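Accompanying notes for the structure given below.
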There are 2 protein chains.
Amino acid sequence: MLAARPHGEPTPAHFRLEEARVPTPRAGEILLRTRWLSLDPYMRGRMSAAKSYAQPVVIGEPMVGGTVSEVVQSNNPDFAVGELVSAYAGWQDYAISDGRGLHRLPPGLPPTTALGILGMPGMTAYTGLLTIGRPKAGETVVVAAAAGPVGSLVGQIARLKGARAVGIAGGPDKCRYLTETLGFDAALDHRAEDFADALAAACPKGIDVYFENVGGAVFEAVLPLLNDFARVPVCGLVSGYNATELPPGPDRLPTLMRTVLTKRLHLQGFIVWDFADQQEAFVRDVGGWLAEGKVRHREDIVEGLEAAPEAFIGMLRGKNFGKLVVHVA
Amino acid sequence: MLAARPHGEPTPAHFRLEEARVPTPRAGEILLRTRWLSLDPYMRGRMSAAKSYAQPVVIGEPMVGGTVSEVVQSNNPDFAVGELVSAYAGWQDYAISDGRGLHRLPPGLPPTTALGILGMPGMTAYTGLLTIGRPKAGETVVVAAAAGPVGSLVGQIARLKGARAVGIAGGPDKCRYLTETLGFDAALDHRAEDFADALAAACPKGIDVYFENVGGAVFEAVLPLLNDFARVPVCGLVSGYNATELPPGPDRLPTLMRTVLTKRLHLQGFIVWDFADQQEAFVRDVGGWLAEGKVRHREDIVEGLEAAPEAFIGMLRGKNFGKLVVHVA
């Protein structure tokens, strides 16, 4: 349960484990048992009462989240006991559903892919990059949090489209993974002293697409390197999610706007569900690439619902390596 | 001539009047006499050495600018003496041209319209609003500097597309002109104490398109009123063109980016020539609307090239009322 709204970085005290009787499905309903729970940065926003694109989680209620769940009781002819579905059951062991919004998992793939490369993070990368970023062959695409489930697919799709992929990640292991396993053209450690210079050196022809999911110092280093007509899909700003106040001045808002004007930048925020009509194309394309071995993914699985708060807090600090999933049952 | 680069607001001392012998056209060339000179905010950028989308004017060289010029000598069979052309002859009485980039004025229209509603400012309004802003019937479109040549057409085209047009201008005369003559749905004086509240009241359903040509305090008032999926064509930032330093903190860049994300805003900078392929559609549509009386325009004409510096300086303060044109000869 969300126990309290954090001011700044969440701590374990902002969460509370509660036990309750397993609910009983009524007519038309099914009982879902959570097998895997997805942990994603957007959840930090739901812990806050600040106005956003979705309602905040109510204090004392379960945290929200995507799950792979198993049908364990069914009063609904559309769902049979034993079936696995992707659901939005949240941080809990059991949930009741009337069947709306559930999707049966495609056969033959590990169930957790429905939370990562073939789920919300994968579709975020696919839609934001292709609809807003529109990389062309020979262009340079930069993405941060590049060892994560969104960034890693952004870079791989950029490569499939003939673009140069430059990934930014925290630490040498993740950077090596990007170039050696995923085929990124370059990888940079944002913790390095000379990060901004290294990024400039890695982008000798400037940056045509910057897939923004972190903000902060990375965006500062990217901004002067953006080419005329660069596209910036704004997907997330995780470096600022725990911020409690605005950074000190000067106010760089006018600088950003002047850059947008003189470089004719295209900045556009999006939420994956804005592109819900691309679901079929996404499953076809990314599912196909995955089956053909053209894209790879990595998962970081932690055991037990009790481990979720700490894993989530660590993710906001970049501790995970790959798609963070809680194996609940 | 540009005499010196201003630091902050230009003064008459940044310009210098020079006399020279009228040049003689060589084979293939024509001699143009400037009849009207357009004064536009972008010229402030050309006075500065800061990197932008165009080269700065060289100190000691004539200021650049669009003109309506008359062919007074011709060694080029494509141009006859006495013809009027739109040119880019700059702040001078005479100029030599090889004919490239010249356009004969369409017959039957006042020549100065080629510098305003049927010229660069009109095309800026048309392309930026329709290509990036894409107003839909029932939406709310806000534009500042709304009594100027770009803003006035933005609002009128918004109305023709069935949207609500809210104009922002300096002073009650311009505001009255917007609602009484141009048919804007509302007009607001940005100098009023309660400007931000008045803007909110004038946009009860929020803002779907904000055509950005001023920046600063107006953008600050607009930002919280933008609806989800609002479009912001960034055309100019005239309120900041004379700025010598960044405003004091806090740094609101992260606030802007968070707003772009959560509201899924589309911000896009543009220069009119990025949309050169729309020239024909622009002339057809706006020319047609002008002929049918569906759009109106207003000019603010000053006499004599000597008056250009003071008129230009005044324009950056919002002193002009309508398209600012210098009647040179």
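Please treat every number below as a calculation from the coordinates, not as lab data. Keep in mind the model is a prediction, meaning the values are calculated, not measured. For neighbour counting, all protein chains shown are included, and Cβ atoms are generated from backbone atoms with ideal geometry for every residue, glycine included.
Using a Cα distance threshold of under 20 Å, what count of lysine pairs results for the stretch A:120-274 when pairs must be 8 or more residues apart or interchain?
Details: A:Lys136/A:Lys161; A:Lys136/A:Lys205; A:Lys136/A:Lys263; A:Lys161/A:Lys205; A:Lys205/A:Lys263.
So the count of such lysine pairs works out to 5.
What percent does the relative contact order of chain A come to when contacts are Cα pairs within less than 8 Å and at least six residues apart?
Working: 677 pairs, mean separation 59.2, N = 329.
Relative contact order here is 18 percent.
What is the list of residues in the stretch A:111-150 whose amide nitrogen lies under 16 Å from a point 7 angstrom out from the Cα of A:Thr179, following Cα to Cβ?
A:143, A:146-147
How do B:Phe195, B:Phe275 rank when sorted from fewest to most other Cβ atoms within 10 Å of their own Cβ? Show your work: numbers first, answer last.
On the way: B:Phe195 16, B:Phe275 19.
Ranking B:Phe195, B:Phe275 by Cβ neighbours within 10 Å, fewest first, gives B:Phe195, B:Phe275.
Between the label point of A:Ala281 and that of the same position in each other copy, find the distances and list them shortest first in nm, with every label point placed 7 Å from Cα along the Cα-to-C-beta direction.
2.0
In angstroms, what radius of gyration and Dmax does the protein assembly as shown have, counting Cα atoms only?
29.0, 97
Quick one: Karplus J couplings for the stretch A:217-230, per residue in order, coefficients 6.51, -1.76, 1.60, θ = phi - 60°, nearest Hz, x for Gly and Pro?
Per residue, the Karplus-derived 3J(HN,Hα) values read 5, 5, 4, 4, 6, 6, 3, x, 8, 5, 7, 3, 6, 5 Hz.
Measuring label to label, 7 Å along Cα→Cβ, what does A:Arg176 give against each other copy in nm, shortest first?
Sorted ascending, the copy-to-copy spacings read 7.7 nm.
Between A:Ala276 and B:Asp98, what is the label-to-label distance in nm when each label sits 7 Å out along the Cα-to-Cβ direction?
5.9 nm
For the stretch A:120-274, what proportion of DSSP beta bridges, expressed in % and rounded to the nearest 5, is antiparallel?
Working: 0 of 18 bridges.
Bridges in the stretch A:120-274 that DSSP calls antiparallel: roughly 0 percent.
Return the single residue from A:Thr67, A:Thr11, A:Thr140 with maximal mean-square fluctuation; model: Gaussian network over chain A, springs between Cα atoms under 10 Å.
A:Thr11
Can you compute the charge dipole magnitude of the stretch A:97-217 about its Cα centre, using +1 on each Lys and Arg Cβ and -1 on each Asp and Glu Cβ, nothing else charged? Give it in debye, rounded to the nearest 20.
Working: 11 positive and 11 negative charges, 106 e Å.
Its charge dipole is roughly 500 debye.
Normalised by the residues of the stretch B:120-274, what does the relative contact order come to in percent, with Cα pairs under 8 Å and at least six apart?
Working: 297 pairs, mean separation 34.5, N = 155.
Relative CO of the stretch B:120-274 lands at 22 percent.
List the distances, in nm and shortest first, from the label point of B:His103 to the matching label points in every other copy, placing each point 7 Å from Cα along the Cα-to-Cβ direction.
4.8
Would you list A:Leu129, B:Leu17 from fewest to most Cβ contacts within 10 Å? If you can, show how the numbers build up before the last one.
Values: A:Leu129 27, B:Leu17 11.
Sorted ascending by nearby Cβ count, the order is B:Leu17, A:Leu129.
Please work out how much length the chain gains when fully extended from B:Lys136 to B:Ile301, using 0.36 nm per residue of separation minus the C-alpha to C-alpha distance, in nm with one decimal. Walk me through the numbers before you get to the answer.
Details: separation 165, 0.36 × 165 = 59.40 nm, distance 3.46 nm.
So the chain would gain 55.9 nm between B:Lys136 and B:Ile301.
Once amide H atoms are placed 1.01 Å from N in the peptide plane, what residues at a sequence separation of 5 or more from A:Ala187, or on another chain, have their amide H within under 5 Å of its amide H?
Amide H neighbours of A:Ala187: A:Gly167.
For the Cα atoms of chain A, what angle does the longest principal axis make with the long axis of helix A:279-291, in degrees from 0 to 90, nearest 10?
Taking the Cα atoms of chain A, the angle to A:279-291 is about 80 degrees.
Round to a whole angstrom and tell me the spacing of the C-alpha centers of the stretch A:273-329 and the stretch B:126-186.
46 Å
Tell me, what is the percent relative contact order of the stretch A:185-329, built from C-alpha pairs under 8 Å that lie six or more residues apart? Before the final figure, lay out the partial values.
Numbers: 149 pairs, mean separation 24.0, N = 145.
Across the stretch A:185-329, relative contact order equals 17 percent.
Using helices alone, what [θ] at 222 nm do you get for the protein assembly as shown, with -39,500 (n - 2.57) per DSSP H run of 4 or more residues, divided over all residues and rounded to the nearest 500?
Numbers: 18 runs with 154 residues, N = 658.
After summing the helix terms and dividing by residue count, I get -6500 deg cm²/dmol.
Taking springs between alpha-carbon atoms closer than 10 angstrom, which of B:Glu306, B:Glu180, B:Glu18 fluctuates most in the Gaussian network model of chain B?
Result: B:Glu18 has the largest fluctuation of those listed.
Within the stretch B:189-236, which GluC sites (Glu not before Pro) sit in a loop by DSSP and count at most 10 neighbouring Cβ atoms inside 10 Å?
Values: sites: B:Glu193, B:Glu212, B:Glu220; in loops: B:Glu193.
Passing both the DSSP loop test and the Cβ count: B:Glu193.
Putting +1 on Lys and Arg Cβ atoms and -1 on Asp and Glu Cβ atoms, find which of B:Gly318, B:Val57, B:Gly287 reaches farthest to the positive end of the dipole of chain B.
B:Gly287
Would you work out the charge dipole size for chain A about its Cα centre, treating the Cβ of every Lys and Arg as +1 and the Cβ of every Asp and Glu as -1, and quote it to the nearest 20 debye? Don't skip to the answer; put the middle values down first.
On the way: 32 positive and 35 negative charges, 131 e Å.
The dipole magnitude comes to about 620 debye.
What is the distance in Å between the Cα centroid of the stretch A:1-62 and that of the stretch B:12-34?
73 Å
Could you tell me what percent of the DSSP beta bridges with both partners in chain A are antiparallel, to the nearest 5?
Details: 21 of 44 bridges.
That works out to approximately 50 percent antiparallel.
Of the DSSP beta bridges with both residues in the protein assembly as shown, give the percent that are antiparallel, rounding to the nearest 5. Each step should come with its number before you reach the end.
Working: 45 of 91 bridges.
Restricted to the protein assembly as shown, the bridges split so that about 50 percent are antiparallel.
Arrange the following residues from fewest to most other Cβ atoms within 10 Å of their Cβ: A:Val72, B:Val328.
Listed from fewest to most nearby Cβ atoms, that is A:Val72, B:Val328.
Run down the aspartates and glutamates and flag those whose C-alpha is under 16 Å from the C-alpha of A:Lys294, throwing out any fewer than 8 positions away in its chain.
Excluding near neighbours in sequence, the set is A:Glu180, A:Asp185, A:Asp285.
Which value, in debye to the nearest 20, gives the size of the charge dipole of the protein assembly as shown about its Cα centre, when Lys and Arg are +1 and Asp and Glu are -1 at the Cβ?
540 debye
Using Cα atoms only, what is the angle between the long axis of helix A:253-262 and the major principal axis of chain A, expressed in degrees (0 to 90) to the nearest 10?
Approximately 70 degrees, to the nearest ten.
HN-Hα J couplings of the stretch B:69-81 from phi, Karplus 6.51/-1.76/1.60, θ = phi - 60°, integer Hz, Gly and Pro as x?
Running phi through 6.51 cos²θ - 1.76 cosθ + 1.60 with θ = phi - 60° gives 10, 10, 6, 10, 9, 9, 10, 10, x, 7, 10, 9, 4 Hz.
Report ³J(HN,Hα) in whole Hz for each residue of the stretch A:178-192, in order, from the Karplus equation J = 6.51 cos²θ - 1.76 cosθ + 1.60 where θ = phi - 60°; Gly and Pro get x.
Once θ is set to phi - 60°, the couplings for the stretch A:178-192 become 4, 7, 7, 9, 9, x, 4, 6, 7, 9, 10, 8, 5, 8, 5 Hz.
Long-range amide H contacts for B:Gln73: which residues qualify at under 5 Å (H placed 1.01 Å from N, peptide plane, sequence gap of 5 or more or a different chain)?
B:Leu31
Taking the Cα atoms only, what angle lies between the long axis of helix B:149-160 and the longest principal axis of chain B, rounded to 10 degrees?
For B:149-160 against chain B, the angle is about 50 degrees.
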